[in-house]
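J.: Once you've had a glance at the structure underneath, I'll fire off some questions.
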Amino acid sequence: MLRTGILNPHLNSLLSRVRHTNTLVIADRGFPFWPRIETIDISLVDDIPTVLDVLKAILPNFLVGKAWMAAEFPAHNPRILLDRFSQLLPPIVFEPHIELKLRVPAAIGLIRTADTSRYSNVILESA
């Protein structure tokens, strides 16, 4: 039985299949459903968990080479939230939300959170 780290077996399975240069999406609660992409929904109630919670949980065993977020994120959220993302990730590439979503079909999977922060979706490329 697992006693530390990621305890969710579905999430463990998804993370173990991400290889060099593959991408993984961690999305807020409002992100659209993508029928052709494995989606693990770990939302419970508003903001439990958040995208940041998931990042903090996976980063000890996930080497991020690149990270993308929506260009709209900084304008719709407090600066401290952007600072928290910036502390965890390599320099974030910001692009319009519509363009960010064009990256989704190539992802290995999508983790849906209960995050209510607007545009708080992040796409991670494994190093």
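J.: Does residue 126 count as touching a Leu at 6+ places or on another chain (Cβ under 9 Å), polar (S, T, N, Q) and farther than 19 Å from residue 49 by Cβ?
T.: yes
J.: Now, a different point. Specify the residue that is surrounded by the most Cβ atoms within 10 Å (Cβ to Cβ); the eligible residues are those in the range 4-31 that are over 20 Å from residue 114 (Cα atoms) and without any contact (Cβ under 8 Å) to a residue 24 or more places away in the chain.
T.: Among them, the one singled out is 13.
J.: Quick one: residue 34 ticks every box in (1) assigned to a loop (DSSP other than H, G, I, E, B); (2) surrounded by fewer than 13 Cβ atoms within 10 Å (Cβ to Cβ) bar one, so which box is it?
T.: Going through the list (1) assigned to a loop (DSSP other than H, G, I, E, B); (2) surrounded by fewer than 13 Cβ atoms within 10 Å (Cβ to Cβ), residue 34 breaks only (2).
J.: Filter the helices (runs of 4 or more DSSP H) completely within the range 41-110 down to those with at least 2 residues that are of a type outside the set (S, T, N, Q), farther than 24 Å from residue 12 by Cα and modelled with pLDDT of 95 or more.
T.: 73-76, 79-88, 97-100
J.: Given (1) surrounded by 20 or more Cβ atoms within 10 Å (Cβ to Cβ); (2) of a type in the set (A, V, I, L, M); (3) in contact with a helix residue (DSSP H, G or I) (Cβ under 7 Å, 6 or more places away or on another chain), where does residue 100 come up short, assuming only one miss?
T.: The failed condition is (3).
The values are calculated or read from the model by the stated rules, or taken from the named source; none is laboratory data. These numbers come from a predicted model, not from an experiment. Here Cβ is always computed from backbone atoms with ideal geometry, including for glycine, and neighbour counts include all displayed protein chains.
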